[in-house]
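For reference, the structure discussed in these notes is given below.
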Amino acid sequence: MSGSSSIVAMKKVVQQLRLEAGINRVKVSQAAADLQQFCLEHAQQDPLLCGMATSTNPFRPQKVCSFL
Amino acid sequence: MGEMEELRKEMENLKDQITAARKTFQDSTLQEAAAGVTVVGRVQLKTRKTLRGHLAKIYAMHWGTDSTLCVSASQDGKLIVWDTITTNKVNAIPLKSSWVMTCAYAPSGNLVACGGLDNMCSIYNLKGKDGNVKVMRELAAHTGYLSCCRFLSDTEIITSSGDCTCVLWDIETGTQKTVFAGHQGDAMSLGVSPDFKYFISGACDFTAKLWDIREAECRQTFGGHESDINAIGFFPNGNAVITGSDDATCKLYDLRADQELLTYQDSSIMCGVTSLAPSKSGRLLLAGHDDFNVNIWDMLKAERVGVLAGHDNRVSCIGVSSDGMACCTGSWDSFLKIWN
């Protein structure tokens, strides 16, 4: 019966919302500070951010070798 | 009738409760926290390689974990595994169904997967004994198109589908281990957390959901977008989620604060986001759009710091390699480009 199946569906929605309402949260100030710290701490290991020398770039343009 | 009314009231109460709880933890904003940080200087990446070979629109690409090989899927009915440094095609795999929408590379490098309008996820073994690449498994059970897939290992893969569900599969037996139901619209994209314990999904119900893989439940739901979410990814430390939507914006949601921290938008950007990838440190957000471009954002300052313009059609997929050395874009113009 469509009536009882929509009640079953609704009960699931309510149950899920209860779960989501009850989670532990952290203050935005803390979360934001941690995100920022992660970015700054790893900045030097981020080649797209810092750029890289041609010699260390695996995708550098291939030099053409010629036989002398 | 009475019970339904009570349940509806409880649903509204809980929704208000969640909104209120999020507000109490909103003691600041990411803007305020990052006020002292200088915006990243203009980011200008160059096309280093163009991968030519597909004969039709490219719909998806995924880097292998070695940061050298990648797999791409095109509606020319082929999966191609590329060596991005030499631009050689390592494998060109013909597909049963050309209507492919997603592909994935297993972390081990042994398997690739793809799927699309055939509603199936097909697993291919790249390291078969006789050197031929064959279908190893066809994972069939979804009642809608396969929008995305990501391997957890050689034995498990997660898929998202137009049937609104995501599924965790046992590849060896070809069966569903867990069905993750809850989205009210097509699930369009998924991302796995760095520790492989969670995954996130973005859907046409405008929400993103965080799922606990082993507990088999949805932990958190994030709203705010005004249209379909097409792309989703984890911030590199696993504590935040980035989404890209048809509403032309990207959003950053923090998992621990359980709320949206920033929206990346500009009045000059009017085309939907099709794909996204963070750089290795998370500082840069690269987002592919319908207008043929990739916008590069300073993720902390929400300012656009660069554009990758090089494709002659929609950018459909993007990925940053694990070592962070390069970004790969795939387009409806049939080419993939490697940038850094």
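Nothing in this text is a laboratory measurement; each read-out follows from the coordinates by a stated rule. Keep in mind it's a predicted model, so treat the numbers as computed, not measured. So basically every Cβ, Gly included, is an ideal-geometry build from the backbone, and we count neighbours across all protein chains shown.
Results, tabulated for the structure shown:
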| read-out | value |
| --- | --- |
| Net charge contributed by nearby residues that have their C-beta within less than 14 Å of B:Lys197 (K/R +1, D/E -1) | -2 |
| Helix-only CD estimate at 222 nm, as mean residue ellipticity for chain A, using -39500 (n - 2.57) per DSSP H run (n ≥ 4) | -18000 deg cm²/dmol |
| Among B:Thr50, B:Leu30, B:Val307 - extreme Cα towards positive end, dipole of chain B, charges at beta-carbon | B:Thr50 |
| Under the Debye formula (equal points on every Cα, no solvent term), log10 I(q)/I(0) of chain B at q = 0.07, 0.08, 0.10, 0.13 Å⁻¹ | -0.28, -0.36, -0.57, -0.95 |
| Region B:120-191: GluC sites (Glu not before Pro) in DSSP coil with no more than 12 other Cβ atoms inside 10 Å | B:Glu172 |
| Cut-off under 5 Å, modelled amide H: who pairs with B:Arg137 long-range | B:Ile123 |
| Largest-first ellipsoid semi-axes for the protein assembly as shown, taking √(5λ) over the Cα gyration tensor eigenvalues, angstrom | 35, 28, 17 |
| Sorted by Cβ density within 10 Å, fewest first, the residues B:Val81, B:Val112 | B:Val81, B:Val112 |
| Charge sum, other residues only, whose C-beta stays under 10 Å from B:Asp333's C-beta, Lys/Arg counted +1 and Asp/Glu -1 | +2 |
| For region B:159-276, average projected area of the Cα convex hull in nm² | 7.2 |
| Overall form of region B:1-153 per C-alpha gyration tensor (a/c, 1.5; a/b vs b/c) | oblate |
| Region B:190-277: GluC sites (Glu not before Pro) falling in loop per DSSP and having at most 16 other Cβ within 10 Å | B:Glu215, B:Glu226 |
| DSSP-assigned coil residues among chymotrypsin sites (Phe, Trp or Tyr not before Pro) in region B:74-170, each with at most 16 further Cβ atoms within 10 Å | B:Trp99 |
| Dipole magnitude of chain B, debye to nearest 20 (Cβ charges: Lys/Arg +1, Asp/Glu -1, about Cα centre) | 1420 |
| Among B:Thr243, B:Thr207, B:Thr159: highest mean-square fluctuation, GNM of chain B, C-alpha pairs under 10 Å | B:Thr207 |
| Overall Cα dimensions of region B:105-150 - principal axes, largest extent first, Å | 34, 19, 13 |
| Karplus-derived HN-Hα couplings along region A:52-59 (A = 6.51, B = -1.76, C = 1.60, θ = phi - 60°), whole Hz, x at Gly and Pro | 8, 6, 3, 5, 9, 8, x, 9 |
| Most fluctuating residue given options B:Ala21, B:Ala181, B:Ala92, as computed from a GNM of chain B linking Cα atoms under 10 Å | B:Ala21 |
| Computed helical MRE - 222 nm, chain B, DSSP H runs ≥ 4 contributing -39500 (n - 2.57), nearest 500 | -2500 deg cm²/dmol |
| Test item: Cα-centred dipole of the protein assembly as shown, Lys/Arg +1 and Asp/Glu -1 on Cβ, debye | 1220 |
| Kirkwood Rh in Å, taken over all unlike Cα pairs in chain A | 18.3 |
